[in-house]
Every structure is written in C-alpha cells, then in structure tokens.
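A.B. asks: Right, I'll just put the structure down here and ask away after.
The values are calculated or read from the model by the stated rules, or taken from the named source; none is laboratory data. Here the structure is a predicted model, which means the values were calculated and not measured. Note that we place each Cβ from the backbone using ideal geometry, even for glycine, and neighbour counts take in every protein chain shown. Surface accessibility is based on the protein's heavy atoms, side chains included, excluding ligands, DNA and RNA. Shrake-Rupley method; radii C 1.70, N 1.55, O 1.52, S 1.80 Å.
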Amino acid sequence: MTEEEFSDWLIDEMDRCNLTIRKLSEISGLSKMALTYYITGRSVPRMDSLNILLKAFGKKMVFVEEDKK
C-alpha cells in the first residue's frame, strides 16, 4: 500500500467513525504528529502502529496465504 492509498483509507475510516485527529490520538495513543504524517501521505505506519489503528477502528489484521500454482 502506498502512502497515498493509506492516507485515503485513514481519512475514510476517520470520517466513517466521525473521529478527529485529536480524538483518534486519544483513543489509539498514537501522537497527533504521527497521525498527521499518515493523513498527509508523508509516511505509513509500522506494523505495530497499524495494528493499533485497526483496533481503534474496530478492525483486525488477518494474513491470508496465497494460492501456490
């Protein structure tokens, strides 16, 4: 996922949950600066931070094995 794709996803999730950067920061424990970097496409989160964000949105990470043909 590119920085732009992640940014779009994060903005959509925040809108869906009616969350501001401040509120998401309070819920997730991630800094407002980090969230701003993700929203502006400046960076994407590491796996641990991504998992925290997913949890804040009521989602979880699932790994699926690819079909080997």
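A.B. asks: With a length cut of 20 Å (Cα positions projected on each helix's long axis) and a Kyte-Doolittle mean of at least 0.5, go through the chain and give me the DSSP H helices that pass.
C.D. replies: Long hydrophobic helices here: none detected.
A.B. asks: Expressed in nm to one decimal, what extension gain is obtained for the pair ASN18 and TYR37 from 0.36 nm per residue of sequence separation less their Cα-Cα distance? Spell out each step's value before the answer.
C.D. replies: On the way: separation 19, 0.36 × 19 = 6.84 nm, distance 1.92 nm.
Once the chain is fully extended between ASN18 and TYR37, it gains 4.9 nm.
A.B. asks: Further, regarding this structure: Before I look further, what does the chain give for accessible area per residue, probe 1.4 Å, in whole square angstrom? Let's see the in-between values first.
C.D. replies: Numbers: 5310 Å² over 69 residues.
That works out to 77 Å² per residue.
A.B. asks: Right, another one. If N is the number of residues in the chain, what value comes out of its Cα radius of gyration divided by 2.2 N^0.38 Å?
C.D. replies: 1.17
A.B. asks: Could you tally up the Lys pairs in the chain with alpha carbons closer than 27 Å? Skip any pair fewer than 8 positions apart unless they're on separate chains. Can you show the working numbers first?
C.D. replies: Values: LYS23/LYS32; LYS23/LYS55; LYS23/LYS59; LYS23/LYS60; LYS32/LYS55; LYS32/LYS59; LYS32/LYS60; LYS60/LYS68.
Total qualifying Lys-Lys pairs in the chain comes to 8.
A.B. asks: Can I ask one more? How many nm is it between the label spots at MET61 and GLU26, if each spot is 7 Å from the Cα in line with the beta carbon?
C.D. replies: Spacing of the two 7 Å Cα→Cβ label points: 2.7 nm.
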